[in-house]
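Down below is the structure, laid out as structure tokens.
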Amino acid sequence: MTTADDARTLFRELTGTDPVGSWSAPGRVNLIGEHTDYNDGFVLPFAIDHRTHAALGLRDDARIRVVSTFDPVPVEVALGDLAALFPDRRDELPEWSRYALGVAWALIVRTGRNDLAGVDLAIASDVPVGAGLSSSAAIEGAVASALNDTWQLELDRVTLAQIGRTAENEAVGAPTGIMDQMASMLGRADAATFLDCRSLEAEIIDLGFADADLELVVIDTQVKHSHATGGYGERRAACERGAQIMGVAALRDLSVDDLDRAAELMDEVTFRRVRHVVTEDQRVLDTVRTLRTEGPEAIGDLLLASHASMRDDFEISVPELDTAVEAAMSAGAVGARMTGGGFGGAAIALVHRDRAGAVAEAATTAFADAGFTAPHVFTVTPSAGAGRD
Ligand code: ADP
Ligand code: MG
């Protein structure tokens, strides 16, 4: 059984009828460019071969009902009540349902429509949750695609990505950037999405992993992060402070040459946060150039420099992520880094196909030696973005 079948089965259990169709959106791995998105900077994520599927059917009333394999208790509200629930009364809804219902709400707000048909949605996913692979963008993208087609809203993919972000920021209350949704919407096979988070201009960049016999190994540390709490908000605040001190709209407006001046103007911690973002933007640009001129085998040092910057300057790594990166490199990876928001989640390693087994084994052994929970190690393939199944 595929995950798309799981969504259809769940739909039948919910309604006793077949869905009219199913839509899906992938999770993503960010190859490089971490915590640059909300600083108006550059990122280079790719959609992965793990997806969230939403099977949809029409109702004869104007209500929306969602259910997920994640939590099989359905949640149902009138479409007309969504405006009252979000954002102020969102606590009345189970947290997971805010992602799906928040997308419906954001679509209604955006289009101003009050004549939309009621729907039932059943959701199933093989995107690991909380592992830094953006299961949140996957559920948002699947629901946004399903509703956009069903309600014939004809919004383009970039707009649907913005809808997902609005749902996540305002309906869920997680202050995330737009990278995840753009990657999930725009993905292509063996390619990454080079995104300017200010203009939202996106360019598809060939990765060339297949020709170079490279695989992307994900080492999920099993350490769960949470965006709604913890250090993420604090890092965002530090970035805003740094930009304000430097008199720019966003850290994107600084270059590596501005760092000496930044060091003189701000406290040491804020400076290191700023230095991470400014150098990370440069590493994304360098990675795109290197992929084009030399190919994927040449980006290893950039991945490693990104990890060091997150560990030492942005301070969002954890011992499990550092151990995963070190183990991957000791087993012959081309490069490795933590990926995602930090404080847990996954590391990625770019690895020659014949070394993938050795990298997995090295990570598992290193985690056992350190007394950590065993990591979940798997490979991902750069894949197509959201759409109808
Ligand atoms: P991630 O790094 O996986 O995106 P987030 O904390 O941003 O982590 O989002 C995870 C949350 O998204 C889950 O806790 C849940 O509320 C919601 N979610 C993700 N996938 C599903 C799903 N298939 N069904 C229901 N809720 C989901
Ligand atoms: Mg997320």
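Table for the structure above
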quantity: 93, 265, reordered so the largest accessible area comes first (probe 1.4 Å); calculated: 265, 93
quantity: Residue 69-residue 95 pseudo-label distance in nm [points 7 Å out on the Cα-to-Cβ vector]; calculated: 2.1
quantity: Selected from 146, 251, 210, residue furthest toward positive end of dipole (the range 119-257; charges at beta carbon); calculated: 251
quantity: Amide H contacts of residue 119 (H built 1.01 Å from N, under 5 Å, at least 5 apart or other chain); calculated: 59, 63, 64, 65
quantity: Residue 154 versus residue 378: modelled label distance in nm, points set 7 Å from Cα along the beta carbon direction; calculated: 3.9
quantity: Antiparallel content of DSSP bridges confined to the chain, in %, to 5; calculated: 90
quantity: The range 3-205: radius of gyration over Cα atoms, expressed as a fraction of 2.2 N^0.38 Å; calculated: 0.96
quantity: Modelled FRET efficiency - R0 41 Å, residue 330 with residue 61, Cβ distances, 0.05 increments; calculated: 0.10
quantity: Per-residue SASA entry for residue 71, accessible area with 1.4 Å probe, Å² rounded to 10; calculated: 50
quantity: Segment residue 388-residue 289, length gained on full extension (0.36 nm per residue, minus Cα span); calculated: 32.3 nm
quantity: Heavy-atom accessible area ranking, 1.4 Å probe, most first, across 42, 314; calculated: 42, 314
quantity: Largest-first ordering by accessible area, 1.4 Å probe, given options 292, 98, 90; calculated: 292, 90, 98
quantity: Per-residue HN-Hα couplings for the range 314-331 [Karplus 6.51, -1.76, 1.60; θ = phi - 60°; Hz; x = Gly/Pro]; calculated: 8, 6, 10, 7, 9, x, 4, 5, 4, 5, 4, 5, 5, 5, 4, 5, 5, 8
quantity: Stretch in the chain that is longest and holds no GluC sites (Glu not before Pro) that DSSP places in a loop and that have at most 12 other beta carbons within 10 Å; calculated: 1-153
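The values are calculated or read from the model by the stated rules, or taken from the named source; none is laboratory data. All values reported here derive from a predicted model rather than from experimental measurement. Virtual Cβ from ideal backbone geometry, glycine too; neighbours counted across all protein chains shown. Ligands, DNA and RNA are excluded from the accessible area calculation, which covers all protein heavy atoms including side chains. Shrake-Rupley method; radii C 1.70, N 1.55, O 1.52, S 1.80 Å.
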